[in-house]
1. Return a whole-number percent for the relative contact order of the range A:16-118, with Cα pairs under 8 Å and 6 or more residues apart as the contact set.
2. Estimate the FRET efficiency between B:Glu58 and B:Arg166 by the formula 1/(1 + (r/R0)^6), using the beta-carbon distance for r and 30 Å for R0, to the nearest 0.05.
3. Rounded to whole Å and sorted largest first, list the principal axis extents of the Cα atoms in the range A:106-185.
4. Enter the mean number of other protein chain beta carbons within 10 Å of the beta carbon of each residue in A:64-73, as an integer.
5. Placing a label point 7 Å from Cα toward Cβ, how far apart in nm is B:Ser82 from its equivalents in the other copies, listed shortest first to one decimal?
6. With the other protein chains left in place, how much accessible area per residue, in square angstrom, belongs to the protein assembly as shown at a 1.4 angstrom probe?
7. Could you work out how much longer the chain between B:Asn44 and B:Glu138 gets when fully extended? Use 0.36 nm per residue separation minus the Cα distance between them, nm to one decimal.
8. Please work out how much length the chain gains when fully extended from A:Lys116 to A:Glu97, using 0.36 nm per residue of separation minus the C-alpha to C-alpha distance, in nm with one decimal.
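The values are calculated or read from the model by the stated rules, or taken from the named source; none is laboratory data. Everything quoted here is computed from the prediction, not taken from an experiment. Glycine also receives a Cβ, built like all others from the backbone with ideal geometry; neighbour counts cover every protein chain displayed. Heads up: the accessible areas ignore ligands, DNA and RNA and are worked out on the full protein's heavy atoms, side chains in. Shrake-Rupley method; radii C 1.70, N 1.55, O 1.52, S 1.80 Å.
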There are 2 protein chains.
Amino acid sequence: MELLKKKILEDGEIHEGNILKVDGFLNHQIDVPFLKELGKEFYNRFKNENVNKILTIESSGIAIAAMTAQEFECPLVFAKKSITKNIAGDIYLTPVESFTHGTTYGVIVSKQFLGKGDRVLIIDDFLAVGNALNGLIEIVKESGADLVGCGAVIEKGYQGGGDRLRKHGIRVESLAVVESMDHENGTIEFRD
Amino acid sequence: MELLKKKILEDGEIHEGNILKVDGFLNHQIDVPFLKELGKEFYNRFKNENVNKILTIESSGIAIAAMTAQEFECPLVFAKKSITKNIAGDIYLTPVESFTHGTTYGVIVSKQFLGKGDRVLIIDDFLAVGNALNGLIEIVKESGADLVGCGAVIEKGYQGGGDRLRKHGIRVESLAVVESMDHENGTIEFRD
């Protein structure tokens, strides 16, 4: 999506260690009118799939997932991250390893809000190694719902998570795929 | 707001200990088309205040804040909760006591995204004791921005947080104020 690539080049900051900071419009401050356009793009890509539920994970996925759910006129469910194993009620729970923090946390969705008959589109802000997304996919499978596909705003192609999912036959749509970054020159190469 | 009261009566669950669960449309599963109407209501109440920034706190405030920011056509900043005191960069940080969990956490906003000249509307899903809101207000003050007011979807009037803020001259608009609940009869009384 050209609009997004332009925004990343203008507002993104590249830091050492292949870190792309997009705090100014996606992760901390959120450019809501801009995210609305991204939501429309996800809608256009999945509009023939009879999506009736958007699934994401707290926190930074919620705004883009809400903007997407708005286009589909459907509810959004956001999975919660548990640090304690203080489980109560009827829930789906799957462990996810945090690549960034080197810890394991539980991803939780109430059984009340996901199940057979649902056609689920998973939306997240970033797709890198894909651990969080894999956790959400596990939960969708366990619930008996149909997974329509996954949408990520920014995919870090060089971390391979997106391509691994595609190899498993899962439809993954990323609005921008970063293939490489150079923090010294401040350049970003996108996949075509 | 009558539409919201009706929704709370229909979809809310009252549990022992004055607990109101609205997981079905506000806190876990989010009824996005419905929240859009709430965002319009906040806009109508604050539209003459030249709001240029919505501020909320992760996680459950983000969706309603995004829906509100959309009406104002302005950005949204969501404050992050730090558990560790691992502070980096130029940030506003204020400690907040969690009434529910009995712990203290830090509320963090990057200085880059809030400052003099901003006219800030704080939005959150719940207003009870008001600790989280007080933390956000502290940050707005520290940043030199103008606080236009606070908007909460559901205020628990009997916990007094909203009225304490009003006494201090802060404009607080809650779309529904719960005065009392009876979990045995399943009844809720709203403030007029």
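1. On the way: 131 pairs, mean separation 21.5, N = 103.
Averaging sequence separation for qualifying contacts and normalising by length gives 21 percent for the range A:16-118.
2. Details: r = 26 Å, r/R0 = 0.85.
Calculated value: 0.70.
3. Rounded to whole Å, the extents work out to 50, 25, 17 Å.
4. Numbers: counts 1, 5, 11, 5, 1, 7, 7, 1, 2, 3.
Mean shielding count: 4.
5. Between copies, matching label points for B:Ser82 lie 2.8 nm apart.
6. Values: 17540 Å² over 384 residues.
With the other protein chains kept in place, the protein assembly as shown gives 46 Å² per residue.
7. Working: separation 94, 0.36 × 94 = 33.84 nm, distance 2.55 nm.
Gain in length upon complete extension: 31.3 nm.
8. On the way: separation 19, 0.36 × 19 = 6.84 nm, distance 2.69 nm.
Length gained between A:Lys116 and A:Glu97: 4.1 nm.
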